[in-house]
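Written out below as structure tokens is the structure these notes cover.
The values are calculated or read from the model by the stated rules, or taken from the named source; none is laboratory data. What you see is a predicted model, and the numbers here were worked out from it, not measured in a lab. Cβ: placed from backbone, ideal geometry, glycine included. Neighbour counts: every protein chain shown.
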Amino acid sequence: MWQTLLDFLNRPDLITLIVSTIFAFIMGALVGAWWFNTRAGSQTSLKEKKRDEAFFKGIQYLLSDDKDNAIEELTKSVKIDSDTVETYVALGNLYRSKGDIERAIRIRQSIILRPNIDENVRLGALFDLGVDYKKAGMVNRALETFLEVLKKRSSDVRTLVEIERIYEELRDWDKAYETRRRIAKYSKGDHTSIMAHHLVEMGKVSQAEGDYTRARSLYKKAISTNKGCVDAYLHLGDLYAERGEYKKAISIWKKIATVDPRFTFLAYGRLEAAYSSMKNIKPVEGFLRELAEENGDAFTYLALSRFLFAEGDVDGALAQVRRALEIKPELWQARKFQGEILIHSGRDQEALEAYKDLISRLDLPSLRFQCSCCGLEGDRLYWQCPKCKTWDSAVPLPEHRSPNPSLTS
Ligand SMILES: [Zn+2]
């Protein structure tokens, strides 16, 4: 489904449609402004005529996507009459879209510094200035500018979202969290998943600083904010494991299977590290067998296989790793582990065959994720998409089933 969506978004005619819509919108705004301005004066002087001519030529160029000539004509128009703020705003946006951020910034500043300027226009230009600074990589100046807008427009969600993004970029999670809380006050929708992630990030910082009590309470707060926050269960479990409280760690990781079974595999590596230092590992086996029964996915069979091998049950381990490979033949970790078991038990010829098979499949990725918002694909799981910055948008791509019917039936 995602591929279809991506293909749809990549269609050149759709992009043309989007671009034309944006231009139509800009033109509507400019014509409106022009109409307003011309109505104000009853006599149209020669100067005004020239200004309007240049203005309309600019619009025509804008519509045919000829930015350079549009800039030239609009500049002519503002040179004739420098009072038309809207034309300056359009010019600033044009320069920004062309990547000439420096000039865009200068134009915004010239708008903001005008005496007797309408407050809404000034705040609009200030917001644009913040966007320009951000685009130029001047994050701190962008933040200052957006905060200045916020002083006058305390409930402006668009500005709050920009501020939140910057705090996230600066990894100032406390402030990102506070900002999201404000956004939640002024806009509808579910904000709990983002807030939970901010809390987890705050917890991670506390844990790294050795403040376990605060870290634990932040992870717990994240879970109570959003029961589906897998990230929070993982880190709370890690914290318990780090403190040697393995029983608690396992019971927390176990919850991922109920909350979102797609991500249970994230707990397995952690589980493995934990049971090597545990005295009583029976609960681990119970946990894995239960999940194998319920989920029946390749990662669970592989985890169970590793566990049985560590326990000395070679045949049991081989049986489980083979089940994993029946489901997901391209899971190279399982193929590699199968080879390790075979070598360990002296079945060198079989091991050789298993490794040959592994080499022939090395070009196949074992697990890939895709952002459900922007379509970004990769083999690393991000809770926040590095491209579009959406939280919890990554979904594992569908597993490739074995083409052999005798294995899949
Ligand atoms: Zn994305």
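So how many residues does region 382-409 have that are modelled with pLDDT under 90 and within 16 Å of the ligand (Cβ to nearest atom)?
Going through region 382-409 one residue at a time, the tally reaches 3.
Ala90: closer than 30 Å to Leu74 by Cα and in contact (Cβ under 8 Å) with a residue 40 or more places away in the chain, yes or no?
Here the answer is yes, as Ala90 does meet what is asked.
From the set of residues in region 291-310 that are free of Cβ contacts under 8 Å to residues at least 24 places away in the same chain and touching a helix residue (DSSP H, G or I) at 6+ places or on another chain (Cβ under 8 Å), which is nearest to Ala334 (Cα to Cα)?
Only one residue fits best here, namely Leu304.
On the basis of being under 35 Å from the mean Cα position of the chain (by Cα), modelled with pLDDT of 80 or more, among the aliphatic types (A, V, I, L, M) and more than 16 Å from the ligand (Cβ to nearest atom), does Ala310 make the cut?
no
When you look at Glu201, is it of a type in the set (D, E, K, R) and within 18 Å of the chain's Cα centre (by Cα), yes or no?
When the stated conditions are applied, Glu201 passes them.
Go through region 322-339 and count every residue that is of a type in the set (A, V, I, L, M) and either assigned to a loop (DSSP other than H, G, I, E, B) or under 14 Å from Tyr268 (Cβ atoms) (or both).
Residues that pass the stated criteria total 3.
In region 262-284, how many are in contact (Cβ under 8 Å) with a residue 12 or more places away in the chain and part of a helix (DSSP H, G or I)?
14
Rundown of residues vs (1) surrounded by fewer than 21 Cβ atoms within 10 Å (Cβ to Cβ); (2) under 30 Å from Tyr219 (Cα atoms), yes/no style:
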site: Ile107; (1), (2): no, no
site: Glu119; (1), (2): yes, no
site: Arg122; (1), (2): yes, no
site: Met138; (1), (2): yes, no
site: Thr145; (1), (2): no, no
site: Lys152; (1), (2): yes, no
site: Leu160; (1), (2): no, yes
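Please verify whether Ala215 is without any contact (Cβ under 8 Å) to a residue 60 or more places away in the chain and either closer than 19 Å to Gln333 by Cα or among the β-branched types (Val, Ile, Thr) (or both), treating the condition exactly as stated.
No.
Out of the residues in region 235-291 that are hydroxyl-bearing (Ser, Thr, Tyr) and under 21 Å from Gly316 (Cβ atoms), state the one that is surrounded by the fewest Cβ atoms within 10 Å (Cβ to Cβ).
So the residue we want is Ser276.
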